[in-house]
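> A single structure is presented below for examination.
Throughout, read-outs are computed from the coordinates displayed, never taken from laboratory work. Note that this is a predicted model, so its numbers are computed, not measured. Please note: Cβ atoms are built from the backbone with ideal geometry, for glycine as well, and neighbour counts cover all protein chains shown.
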């Protein structure tokens, strides 16, 4: 049996699939921490151009290969970039997706990461954050579970939190999934 990293679930997250089905990825789209690209490829299949960034060169190679196999190459772009340095990325997007990255940061690192997300999201643009919830019970216990207070604190400046919805993330470590939040934010004009 081949071991897969916990984040490689071999398909898009169900919460992301619902966003795509509802047509909520518009304009220029950024997938932060795209991994093997399953979320980005699903978005691109809906005729939207997507840039995926990740630090893992092998994951990006696989994402690019999957994009070519699915004839999505004209709508996808995968770039090796450290998500902790988003403020230096130098581009902005209408819609940004963070699928299971946000919760890996705490304290000052989380504040800097959210500032980076703000720098790549155009004013009026949308940010979707899928993160582990403090509502999860039972094994496995995911690290860095996020509370509603954490969300409100993190997205209190430069964002309007439009919705926080309880959902489940799929994981190859948890057959029943992991309780999560899907956070929808709009980038405000204020910094």
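> Report the extension gain between residue 157 and residue 79 in nm, rounded to one decimal, defined as 0.36 nm multiplied by the number of residues separating them, less their alpha carbon distance.
Roughly 25.3 nm would be gained on extension.
> Figure the gain on full extension for residue 61 and residue 111 (residue separation times 0.36 nm, minus the Cα-Cα span) and round it to one decimal in nm.
Net length gain for the segment: 15.0 nm.
> Cα centroids of segment 130-191 and segment 49-115: how far apart, whole angstrom?
First find each Cα centre; the distance between them is then 18 Å.
> Continuing with the same structure: Would you mind getting me the FRET efficiency between residue 69 and residue 149? Use the beta-carbon distance for r and R0 = 30 Å, nearest 0.05.
The calculated FRET efficiency here is 0.10.
> Under a GNM of the chain (C-alpha, springs under 10 Å), which listed residue has the highest mean-square fluctuation: 104, 133, 49?
104
> Provide, as a two-decimal number, the C-alpha radius of gyration of segment 14-187 over 2.2 N^0.38 Å, N being how many residues it has.
0.97
> Could you list the square roots of 5 times each eigenvalue of the Cα gyration tensor of segment 111-166, that is, the equivalent ellipsoid semi-axes, sorted largest first and rounded to whole Å?
24, 12, 10
> Separate question: Applying 1/(1 + (r/R0)^6) with R0 = 41 Å to the Cβ-Cβ distance of residue 166 and residue 122, what FRET efficiency is obtained, to the nearest 0.05?
With R0 = 41 Å, the Cβ-Cβ based efficiency is 0.90.
> Could you work out the helix-only [θ] at 222 nm for the chain, with each DSSP H run of four or more residues adding -39,500 (n - 2.57) and the total divided by the number of residues, to the nearest 500 deg cm²/dmol?
Computed ellipticity for the chain at 222 nm equals -7500 deg cm²/dmol.
> Once a ≥ b ≥ c are taken as the square roots of the eigenvalues of the Cα gyration tensor of segment 15-98, is the result rounded (a/c under 1.5), prolate (a/b larger than b/c) or oblate (a/b not larger than b/c)?
Cα axes put segment 15-98 in the oblate bin.
> While we're here: Relative contact order of the chain, please, whole-number percent, based on alpha carbon pairs below 8 angstrom and at least 6 residues apart.
Computed over the chain, the figure is 20 percent.
> For the pair residue 91 and residue 49, how long in nm is the line joining their label points, each one 7 Å along Cα→Cβ?
0.8
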